[in-house]
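The values are calculated or read from the model by the stated rules, or taken from the named source; none is laboratory data. Quick caveat, the model's predicted, so the values are computed rather than measured. In this analysis, Cβ positions are derived from the backbone assuming ideal geometry, glycine residues included, and neighbour counts consider all displayed protein chains.
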Amino acid sequence: MGVSTDPQNFVTASTASASWLRQHAAGKTIYTLGTRSLIRELEGHGIRVTTDPDTQDISFVLVAYDSELTYKKLTDTCRILQTRPVTFLATNPDLVCPVLFGYVPDCGSICQMITNATGQVPHYIGKPSTDMVDIALRENPFSKEETVIVGDRFYTDIACGNASGVETVLVLTGEAKKTDTMIHTYSPTYIFDSIKEVKKAWKN
């Protein structure tokens, strides 16, 4: 699209999770419910990952969006959480993921199933946790005053900005609508109909 970028320009829920695990779980074994690509990414960051629920030294369970989800994965995850003294983590609390025909369940919905079965609630590493903003600021030479979060979800994007002390832009091309009552609860700094309108305002 003609935009000059490098790897430092991207902070995703998976890279934030890898950063969190390097800091808080170095050398520990992480049972991961997620796609094969996520597991490869975590391993690439030096994270010790297993998908075998019978691995003896599991210390953390990490749940992510999983387009390869099976009932066995859910069962194995529930078994670990109910029979081992492990810490329950998740990459992000998003309930749905947009696709061409609408939405499919995202990590937050998968975690709700697990919580309903086990009674355990995960610590979410991605938005609205401030971890992603902290990582972005740490790896780029900008202050909070020079930073803005642009997003279409109140409970992740806008909530993250508010918690981080960063200005927020709500765009109305996704989940959020202008008539949404959550506008008053989460109070975005700016509201625009689309990214196109954000660009116009930015140039002015």
How many residues does segment 123-169 hold that are on the phi < 0 side of the Ramachandran plot, surrounded by fewer than 21 Cβ atoms within 10 Å (Cβ to Cβ) and assigned to a loop (DSSP other than H, G, I, E, B)?
-> 8
Residues in segment 105-122 that are assigned to a strand (DSSP E or B) and either of a type in the set (Phe, Trp, Tyr) or touching a residue at least 24 places away in the same chain (Cβ under 8 Å) (or both): how many?
-> 0
With the condition kept exactly as written, say whether any residue in segment 107-119 is more than 30 Å from residue 75 (Cβ to Cβ) and surrounded by 13 or more Cβ atoms within 10 Å (Cβ to Cβ).
-> no
Selected residue (only one of 181, 189, 173 is surrounded by fewer than 20 Cβ atoms within 10 Å (Cβ to Cβ), closer than 21 Å to residue 144 by Cβ and of a type in the set (Val, Ile, Thr)) = 189
Residue 77 vs. criteria touching a strand residue (DSSP E or B) at 6+ places or on another chain (Cβ under 7 Å), surrounded by 14 or more Cβ atoms within 10 Å (Cβ to Cβ) and either in contact (Cβ under 8 Å) with a residue 40 or more places away in the chain or of a type in the set (D, E, K, R) (or both) | yes
Which of (1) under 17 Å from the mean Cα position of the chain (by Cα); (2) of a type in the set (A, V, I, L, M, F, W, C); (3) farther than 21 Å from residue 108 by Cα; (4) modelled with pLDDT of 95 or more does residue 10 not meet, given it meets every other one?
-> (4)
Residue satisfying condition, being at pLDDT 95 or above and of a type in the set (Phe, Trp, Tyr), within set 71, 103, 124 | 71
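Okay, residues lined up against (1) in the same structural domain as residue 93 (by TED's automatic domain parsing); (2) not in a helix (DSSP H, G or I):
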position: 1; (1), (2): no, yes
position: 19; (1), (2): yes, no
position: 27; (1), (2): yes, yes
position: 30; (1), (2): yes, yes
position: 39; (1), (2): yes, no
position: 55; (1), (2): yes, yes
Could you list, in sequence order, all residues of segment 57-74 that are outside any helix (DSSP H, G or I) and surrounded by 14 or more Cβ atoms within 10 Å (Cβ to Cβ)?
-> 58, 59, 60, 61, 62, 63, 64, 65, 66, 69
Looking only at segment 1-51, and only at residues there that are surrounded by 15 or more Cβ atoms within 10 Å (Cβ to Cβ) and charged (D, E, K, R), the one that is nearest to residue 64 (Cα to Cα) = 41
Within segment 80-104, the residues that are without any contact (Cβ under 8 Å) to a residue 12 or more places away in the chain and either outside any strand (DSSP E or B) or not assigned by TED's automatic domain parsing to the domain that holds residue 21 (or both) are 83, 85, 100, 101
Only one of 75, 91, 29, 87 that is in contact with an Asp or Glu (Cβ under 6 Å, 6 or more places away or on another chain) and hydroxyl-bearing (Ser, Thr, Tyr) | 29
What pairs come up if the first residue lies in segment 60-74 and is farther than 17 Å from residue 40 by Cβ, the second is assigned to a loop (DSSP other than H, G, I, E, B) and small (Gly, Ala, Ser), and their beta carbons are under 7 Å apart, counting only those six or more places apart or on different chains?
-> 60/25
